[in-house]
Amino acid sequence: QVQLLESGGGMGQFGGSLKLSCAASGRAFSGGTMGWFRQVPGKDREFVEDIIWCVENTKYADYVKGRFTISRDKADNRLYLQMNSLTPEDTAAYYCAAKYSQLLTSSPSGYPYWGQGTQVTVST
């Protein structure tokens, strides 16, 4: 199985930017799909964006259109989320997820592998 480790979270300012990273290790992940989700306390985990690893097809949630961009580095087995134009509503724990099938999905139940999460807090 694949292990996932997020980094890059922290404090951001309204209108500012942050870049999250997710390192994949363990069983070779030469294909499949990876994604980002987020969650605030008391609410369900929410889809952000995902990407099919080998062809770079992506799907994103409407609320991140034009602001967040998912990308991947095949050589380093890393997934990224560039977050621009941050708002306080983007405050959440952000999770990296992976699966070995090539299928974009916005449902957390479609992903069997998860990182531990990284907190993003956006101040006004």
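The values are calculated or read from the model by the stated rules, or taken from the named source; none is laboratory data. None of these values were measured; they are calculated from a predicted model. We place every Cβ from the backbone using ideal geometry, glycine too, and count neighbours over all the protein chains shown. Accessible surface areas use protein heavy atoms only, side chains included; no ligands, DNA or RNA. Shrake-Rupley method; radii C 1.70, N 1.55, O 1.52, S 1.80 Å.
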Highest-fluctuation residue, Gly32, Gly42, Gly12 considered, GNM on the chain with Cα pairs under 10 Å: Gly42
Spin-label zone in segment 62-80 - amide nitrogen under 18 Å from a point set 7 Å from the Cα of Ser17 along the C-beta vector: 64-73, 79-80
Equivalent ellipsoid dimensions for the chain as semi-axes, Å, which come from the Cα gyration tensor, largest first: 23, 14, 14
With eigenvalues of the C-alpha gyration tensor scaled by 5 and rooted, segment 46-108, Å: 20, 13, 11
Carbon and sulfur %, accessible surface of segment 66-110 computed with the full protein complex present, 1.4 Å: 45
Net length gained if the chain between Gln39 and Asn57 were fully extended (0.36 nm per residue, minus Cα distance): 4.1 nm
Surface accessible to a 1.4 Å probe, per residue, for the residues of the chain, Å²: 49
Rh (Kirkwood; distinct C-alpha pairs) - segment 1-74, Å: 13.8
